[in-house]
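A short worksheet on the structure shown next.
The values are calculated or read from the model by the stated rules, or taken from the named source; none is laboratory data. Fair warning: this is a prediction, and the values are worked out from it, not measured in the lab. Cβ placement follows ideal geometry from the backbone for every residue including glycine, while neighbour counts extend to all protein chains displayed. Remember, those area values only see protein heavy atoms, side chains included, never the ligands or the DNA or RNA. Shrake-Rupley method; radii C 1.70, N 1.55, O 1.52, S 1.80 Å.
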Amino acid sequence: MSKLVPPHGGKGLVCCLLEGAEKEAELKKAAGLKQIEISSRAKGDLIMMGTGGFSPLSGFMTKADWKSVCEKMTLADGTFWPVPVTLDVSKEEAASMKEGEEIALVRGGEVFATMKVEELYEMTAADKKWECELVFKGEGPDSEKFWDIAEEDHPGVKMVMAQKEFNIAGPVKVLSEGDFPTKFAGVYKRPADLRAELEERGWANVAALQLRNPMHRSHEFLAKIAVEVCDGVVIHSLVGSLKPGDIPAEVRVKCIDTLVEKYFVKENVIQAGYPLDMRYAGPREGLLHATFRQNYGISRMIIGRDHAGVGDFYGMFEAQTIFDKIPYAQEACPEPGKALVCTPLKIDWTFYCFKCDGMASLRTCPHAKEDRVLLSGTKLRKALSEGAEVPDHFGRDEVLEILRAYYEGLTEKVEVKMQRAASGSQM
């Protein structure tokens, strides 16, 4: 009997990935099907459905599921799910399809999946705006002028508003994991692989640290807090696509390797990667991070300041408080397995304090703001991109050396905007 949390949804790991002879036969069939070019985001979603990372999803969402997820954070059958997982097609592509038809989903000339089209539904500009208001609008200062700036400044909103005119829904058969298994060999792990590793170590209470930025001292501190209260921590990096200005996964992985080698007890930490693109959905994305982490065997999701935040659209700890508002088993998810089991490990502002002579948080440090070095991924990227001095105690020297080499090799600089959360003005 496994000591790990069960996969989300009550159906075990729902894996849509075909392998061996079954995969070869489906690839041959796909060659004769209508081909639909998909986005980078959809590619990541397919791989997660293939490996069981998005259990219990086995395909892209119907209109009923989409509407229920936006409104209630549950699928139409009552299973908790916080963010839509949909596939958009153009009006012309939709007109060329019929319900019941099988199609091939491709990106860059590679067939990633076949899909049986069970539903086509229109997504008007009003539908997209409705989704954005429910999924992306937060409680930060920028939320008051949401539609004045979101279409220009919020990458998640821009992504949804740029989607094509129709969504298609239906089950998928996944035929590729792209280049993730080779490009991130040893780091990219399927849920079943990570679960096996956790079982082998005898872990039951497992925390995950979500990373899309290079790992600085605050991240390191968060991970070590989790090591103290759990059996171990999984440093779980997003290795899919990010917005311009964010640092590529291969550079971030190299930084984590260095930190684990020099500053962690290796028996208590695992580095892993997952293939999604960021949706930049703030608090809702924090919930999504916990939901799919449960499929990887993780029971605690580290949620710190401004988790998955964008600009100043969200409150500093909105990604923590949203966990107190979601439907749990007794209310909207009465059936076994349909509620979220992975719980948040909520941690306050963290920083280096000169008077404490070490890492601390607002719960442990009595000193003034002037005594503290606020640590932020945005602040670090801004300093490095501008060739500015990085404050002492901000990051480990070995990591900063890797990052400086990356920025020195860039031929084109991307402006990094500073936000309230990164500046520390609200501490």
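Of note:
- Surface composition of the stretch 1-123: carbon and sulfur make up 50 percent of the accessible area, probe 1.4 Å.
- Loop GluC sites (Glu not before Pro), the stretch 19-90 (other Cβ atoms within 10 Å of the site Cβ: 12 or fewer; DSSP): GLU19
- Integer Hz, Karplus 6.51/-1.76/1.60 couplings in order for the stretch 17-23, x for Gly and Pro: 7, 8, 9, x, 4, 4, 5
- Excluding same-chain neighbours fewer than eight residues apart, the aspartates and glutamates reachable from LYS355 by a Cα-Cα span under 18 Å are GLU370, ASP371, ASP392.
- Accessible area per residue for the chain is 41 Å², calculated with a 1.4 Å probe on protein heavy atoms, without ligands, DNA or RNA.
- Within the shell defined by Cβ-Cβ distances under 12 Å, the residues around GLU118 carry a net charge of -2, with Lys and Arg each +1 and Asp and Glu each -1.
- Surface accessible to a 1.4 Å probe, ASP77 within the full protein complex, Å²: 80 Å²
- 37 °C / 0.692 mPa s Stokes-Einstein diffusion coefficient of the stretch 165-235, Kirkwood radius on C-alpha pairs, µm²/s: 218 µm²/s
- Rounded to the nearest whole Hz, the Karplus-based 3J(HN,Hα) values (6.51 cos²θ - 1.76 cosθ + 1.60, θ = phi - 60°) of the stretch 214-231 follow the sequence x, 7, 9, 4, 5, 4, 4, 5, 4, 4, 6, 4, 5, 4, 5, 10, 10, 5, with x at glycine and proline.
- Within a Gaussian network of the chain (alpha carbon springs, distance under 10 Å), most fluctuating of GLU200, GLU110, GLU318: GLU200
- Scalar couplings 3J(HN,Hα) for the stretch 276-291, obtained by applying the Karplus form with A = 6.51, B = -1.76, C = 1.60 to θ = phi - 60°, are 7, 8, 5, 9, 6, 9, x, x, 4, 5, x, 5, 4, 4, 5, 5 Hz; x denotes Gly and Pro.
- The solvent-accessible area of HIS289, taken with every protein chain present and a 1.4 Å probe, is close to 0 Å².
- Coarse-grained scattering of the stretch 138-258 at q = 0.16 Å⁻¹, given as base-10 log I(q)/I(0) from a Debye sum over alpha-carbon atoms: -1.07
- Unsatisfied cross-links (Cα-Cα over 20 Å) in the set LYS23/LYS116; LYS3/LYS254; LYS137/LYS158; LYS189/LYS254; LYS28/LYS91: LYS3/LYS254; LYS28/LYS91
- The overall shape of the stretch 65-195 is oblate: from the C-alpha gyration tensor, with semi-axes ordered a ≥ b ≥ c, the ratio a/c is 1.5 or greater and a/b is no larger than b/c.
- Carbon/sulfur fraction of accessible area - the stretch 133-278, other protein chains in place, 1.4 Å, %: 47 percent
- Rounded, prolate or oblate (a/c below 1.5 giving rounded, otherwise prolate when a/b exceeds b/c) for the stretch 228-325 by Cα gyration tensor: oblate
- Across all directions, the shadow cast by the convex hull of the chain built on its C-alpha atoms averages 21.0 square nanometres.
- For HIS307, the residues whose modelled amide H falls within less than 5 Å of its own, excluding neighbours fewer than 5 places apart on the same chain, are ALA319.
- Distance from the Cα centroid of the stretch 118-142 to that of the stretch 230-276 is 31 Å (rounded to whole angstrom).
- Using heavy atoms of the protein chains and a probe of 1.4 Å, the accessible area assigned to SER96 is about 60 Å².
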